[in-house]
Amino acid sequence: MKKIGVLTSGDDAPGMNAAIRAVVRSGTYHGVEMVGIKHGSYGVIHQLFEKMDEASVGSIMQRGGTILQSSISEEIYTEEGLQRGIKNLKNENIEALIIIGGREALRTARAFDKYDLPCVVIPATIESNIPGVDYTIGFHTALNNIIHYIDRIRDTASSHEKTSIVEVAGESAGNIAYYAGLAGGAEKILIPGWKEDADHIVQQLKAGDGKRYSIIVIAEGIINGEDFKRQLKEQAGVESRLIVLGDTQRGGAPTGIDRILASQLGAFSIESLLNNRTSKMVGIYQNELVSYGLDEVPSNRANMEESMYQLFKKLS
């Protein structure tokens, strides 16, 4: 391959810039011309292409977000938009794409795969909700960010003896909420596939456990935070504060682990394309570099294992 494009798709995650750097520098090392595509799939449709080299990715590893910027464009999933994007790539002589992101990146790669355009997906999402990998780029940084906030929230909660509800990222997976709750010393967590639902937690707090206050970590989307706060008050008589962390979870410089993971996967994605291992998602599984066919990646991550549930119950 002589020319490869790279783009970021969906929500940003700390470490994306480190992945872009690794992709571009690995590509140029192998004599490949690298092209950055701005604003994700929107940029493919609207020809937002720019040549990239070693200099263009200098001093970006430590930066959060993505220098290529990202967006979600439903237009790429229409026949007209997809054909327009394919035509633009061919006109630019771009032979393959490396797409950095989460589920949106997988969806985009699968759309291009219908037209036999070689693609490799690098999983980058703070939720770490992609099956088949130990964790995704951005997860460790976001986890550290959340723990930082939980530590501060606990100081105030203990001073006023008031329960705090901390809403974190999650969607249909509870990885980040579980690990944040475990590492932050939360008394309760509420995530998809968990044995304890909102009603169960409310009844436990109503019965009382001798604790003056509680930190409850919930994954966004599983329950409305305001509704849960109201339920605690009405059914258990527990006053609480709701803290929605939102985009503060994904900001800031990536951790060393995220930078290393991004570097490994960026270089591996180039090697995969140059060795004709296309239409793949790359990742780390059990500390080994792995790749999966796009049709082999399940749509949902498995629920928490029983051992993880038992560990949290023992320590909380």
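Read the figures in this text as sums done on the coordinates, not as results from a lab. The structure displayed is predicted, hence computed values, not measured ones. Virtual Cβ from ideal backbone geometry, glycine too; neighbours counted across all protein chains shown.
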Exercise. Considering only residues that are more than 14 Å from Ile67 (Cβ to Cβ) and touching a residue at least 60 places away in the same chain (Cβ under 8 Å), look in the range 30-51 and name the one that is nearest to the chain's Cα centre (by Cα).
Key: Ser41
Self-check item: The one condition in (1) assigned to a loop (DSSP other than H, G, I, E, B); (2) among the aliphatic types (A, V, I, L, M); (3) without any contact (Cβ under 8 Å) to a residue 60 or more places away in the chain that Ile260 fails to fulfil
Solution: (1)
Quiz item: Looking at the range 39-54, is at least one residue exposed (fewer than 13 other Cβ atoms within 10 Å of the Cβ), out of contact with any helix residue (DSSP H, G or I) (no Cβ under 8 Å at 6 or more places or on another chain) and either in a helix (DSSP H, G or I) or of a type in the set (S, T, N, Q) (or both)?
Solution: no
Exercise. Scan (1) more than 28 Å from Ala157 (Cα to Cα); (2) touching a residue at least 24 places away in the same chain (Cβ under 8 Å); (3) part of a helix (DSSP H, G or I); (4) in contact with a strand residue (DSSP E or B) (Cβ under 8 Å, 6 or more places away or on another chain) for the single condition Phe268 breaks and write down its number.
Key: (2)
Quiz item: Given the residues Ala180, Ala186, which is the only one that is touching a residue at least 12 places away in the same chain (Cβ under 8 Å) and assigned to a loop (DSSP other than H, G, I, E, B)?
Solution: Ala186
Quiz item: All but one of (1) in a helix (DSSP H, G or I); (2) crowded, with 22+ Cβ neighbours inside 10 Å; (3) out of contact with any strand residue (DSSP E or B) (no Cβ under 6 Å at 6 or more places or on another chain) hold for Asn129; which doesn't?
Solution: (1)
Quiz item: Taking the condition touching a helix residue (DSSP H, G or I) at 6+ places or on another chain (Cβ under 9 Å), among the polar types (S, T, N, Q) and within 30 Å of His200 (Cα to Cα), does Thr255 pass?
Solution: no
